[in-house]
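One structure is given here, and the rest of the page talks about it.
Only the coordinates and a few stated rules stand behind these numbers; no lab work does. Keep in mind that this is a model prediction, so the values were computed, not measured. Heads up, the Cβs are rebuilt from the backbone with ideal geometry, glycines too, and the neighbour counts pull from every protein chain shown.
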Amino acid sequence: MAFTASVISTKEWGASPPKSWTPETLPQYIVIHHTATPNPPNDISRGTLAGAKSLARSIQKAHMDGFGWADSGHNFLNTTGGFLLEGRHSSLNAIKRGRSVRSAHAGTNKGNESPGIENEGTFTTYQMNAHQWNALVELCVSICSAAKIDPDNIKGHRDFSPTQCPGNWLYSQLPRLRQEVRQRLGLSVEEILREGDTGLKVKELQQLLKAQNFNPGPIDGIFGAGTTEAVISFQKFHGLDPDGLVGPATWSILERVSKQQQKPTDGGSVPLTPQPLSMINLLDTYKYYRGLPHQTQAIEWLQQQLATQSLLEFSQKWRNEPSEPFLPLQEGAVNSEVKKLQQLLQKQGFDPGAADGAFGARTKAAVIGFQRSKGLEGDGIVGTVTWSVLNLA
Ligand SMILES: [Zn+2]
């Protein structure tokens, strides 16, 4: 299968020439990102072609002027209107030949040697519209096909470096993305049941869940929200990836536990007593208790067994330094990021009023002033681009 996705080239969107040309690589993965810019109706591209080109230009400008990079950091951009645009120069030409262009989107060599796709929006809870989703599938199908990448190697930015990117919602959709790409490529697909499915198989699933005291609601063969919740609880209980999708791993445990049950109880909301762990492994133990009501109790007990010095070293070594602010910031926000924003604006000679952490009209006006002074679109919303330019100004 050839590369069939329609991608707007750097030439067509009016990219600036790169400061230098980066070498080609043999890609192993596809790395999915979000731009952390506002969602519709305040999206930067406004779903239009002209907006998409303008977004590509402003990101390139931020990456080159703000970060001092050679060119756009990503290889491809997918906007809210479902427009696909080349990022770093030569990415399109290279991928059609099964190569990628070394870029700067993933924070590690391993990721940068593979094509990175920026998806316009902030997908922490917000869900991507169908246009944009279909464009993403289309692009991944073309890349996997041209570069012979297994769809299972479609990863999120957070798989390569510590970041929130591509947002919890979009990250949770990667199994669906892999499956859709696999299907489009005509590769064999394991049957996966998901919300929206109906039929006997769903009914069987509901019966198995119910027999194991995970309440899926009515046993009606309709995979609705109640069934998803029961599946997620079941997956958490058994240390599986809690994605609410019933694939081979979830099925086999459902069936195995069902066979083990001597006297199945009916109804009730008390989960099964955990089976004895076959191996003492802290990570497995943690996965086993994750999300259960007695998780806190279990961790507190464990904590009492550990030396204070070990806990101290552990927390210093693994403390989670926030690597990104929770963007976008916009009017109405009140938090410490806003305070930092106001201080940065003041430092740049703009007047957001007092640095009180409250994003009001005056702060918005100062943001607009700053954006215009840097050639950015003056929308008064601080997304990744504005934030990075501001921090490096
Ligand atoms: Zn990212």
Rounded, prolate or oblate: pick one for segment 137-194, where a ≥ b ≥ c are the square roots of the eigenvalues of its C-alpha gyration tensor, a/c under 1.5 means rounded, and failing that, prolate if a/b is larger than b/c, else oblate.
-> oblate
Between F214, F359, F314, which gets the highest mean-square fluctuation from a Gaussian network model of the chain, Cα cutoff 10 Å?
-> F314
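With each run of n ≥ 4 DSSP H residues scored as -39500 (n - 2.57), what mean residue ellipticity at 222 nm is computed for the chain after dividing by its residue count and rounding to the nearest 500 deg cm²/dmol? Don't jump to the answer; show the numbers that get you there.
Values: 16 runs with 163 residues, N = 393.
Calculated from helices alone, the mean residue ellipticity at 222 nm is -12500 deg cm²/dmol.
Quick one: which of 341-347, 304-310 comes out on top by average Cβ neighbours within 10 Å, and what's the full order, highest first?
341-347, 304-310
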Give, rounded to the nearest 20 debye, the magnitude of the charge dipole that the chain has about its Cα centre when Lys and Arg contribute +1 at Cβ and Asp and Glu contribute -1 at Cβ.
-> 660 debye
Under a straight-distance cross-link criterion of Cα-Cα below 25 Å, which lysines are reachable from K210, leaving out those fewer than 8 residues away in the same chain?
-> K201, K236, K259, K263, K287
Expressed as a rounded percentage, what relative contact order does the chain have, with Cα pairs under 8 Å and six or more residues apart?
-> 15 percent
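Compare the peptides 79-89, 329-339, 176-186 by average per-residue count of other Cβ atoms within 10 angstrom and give them in order, highest first.
Numbers: 79-89: 25.3, 329-339: 15.7, 176-186: 17.5.
In decreasing order of mean packing, 79-89, 329-339, 176-186 become 79-89, 176-186, 329-339.
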Three-way shape call for segment 80-146 based on the alpha-carbon gyration tensor, with the a/c threshold at 1.5 | oblate
Taking a straight Cα-to-Cα line shorter than 22 Å from K53, and setting aside same-chain lysines fewer than 8 residues away, one finds K11, K19, K61, K96, K374
With everything on Cα atoms, drop me the angle between helix 49-61 and the longest principal axis of the chain, reported from 0 to 90° to the nearest 10.
-> 80 degrees
Within the set G217, G116, G167, GNM on the chain using Cα springs under 10 Å gives the largest fluctuation to G217
Dipole of the chain (Lys/Arg Cβ +1, Asp/Glu Cβ -1, origin at the Cα centre): which of G68, L170, I253 lies farthest to the positive side?
-> G68
Prolate/oblate/rounded call for segment 7-184, Cα gyration tensor, a/c under 1.5 rounded | rounded
About the Cα centre of segment 193-269, how large is the charge dipole given +1 on each Lys and Arg Cβ and -1 on each Asp and Glu Cβ? Please answer in debye to the nearest 20.
-> 280 debye
So, for the Cα atoms of the chain, Rg and Dmax in Å stand at 24.0, 74
Compare the peptides 231-237, 5-11 by average per-residue count of other Cβ atoms within 10 angstrom and give them in order, highest first.
-> 231-237, 5-11
